[in-house]
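This report refers to the structure that appears directly beneath it.
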């Protein structure tokens, strides 16, 4: 997925976040991970919705990984 910048917003000690990252790792290489609590803007934007996956600044999914949405981005 060259050209796309994926970021996963997580929270410390979040088992759902860990599962989300593991599943995403199987289909996307080179994504960033950011702690939502370290960024006041992200904390206001996402609150308790973590994990949140963004691509180029737009939300792709939150809570559970939407594999189909991620794969659709792969063909763009």
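See the values below:
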{"quantity": "Residues satisfying the stated conditions in segment 48-64, i.e. touching a strand residue (DSSP E or B) at 6+ places or on another chain (Cβ under 6 Å), within 16 Å of residue 25 (Cβ to Cβ) and not in a strand (DSSP E or B)", "calculated": "51"}
{"quantity": "Residues satisfying the stated conditions in segment 7-31, i.e. out of contact with any helix residue (DSSP H, G or I) (no Cβ under 8 Å at 6 or more places or on another chain), under 16 Å from residue 55 (Cβ atoms) and not in a loop (DSSP other than H, G, I, E, B)", "calculated": "7, 20, 21, 25"}
{"quantity": "Segment 19-41 residues that are free of Cβ contacts under 8 Å to residues at least 40 places away in the same chain, paired with ones that are surrounded by 11 or more Cβ atoms within 10 Å (Cβ to Cβ) and in a helix (DSSP H, G or I) (beta carbon under 7 Å, 6 or more apart)", "calculated": "31/24; 33/21; 34/42; 36/42; 36/43; 36/46; 37/43"}
{"quantity": "Selection count where residues are surrounded by 13 or more Cβ atoms within 10 Å (Cβ to Cβ) and within 22 Å of residue 73 (Cα to Cα), scope segment 28-42", "calculated": "4"}
{"quantity": "Unique match (being exposed (fewer than 13 other Cβ atoms within 10 Å of the Cβ) and outside any loop (DSSP other than H, G, I, E, B)) among 72, 45", "calculated": "72"}
{"quantity": "Residue in segment 48-69 that is surrounded by the most Cβ atoms within 10 Å (Cβ to Cβ), counting only those that are modelled with pLDDT under 95 and on the phi > 0 side of the Ramachandran plot", "calculated": "56"}
{"quantity": "Residues of segment 1-24 satisfying the condition of being loosely packed, with under 12 Cβ neighbours inside 10 Å and closer than 17 Å to residue 68 by Cα", "calculated": "22"}
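The values are calculated or read from the model by the stated rules, or taken from the named source; none is laboratory data. Keep in mind that what you see is a predicted model, and the values were worked out from it rather than measured. Counting neighbours? That spans all protein chains shown, and the Cβs are built from the backbone with ideal geometry, glycine included.
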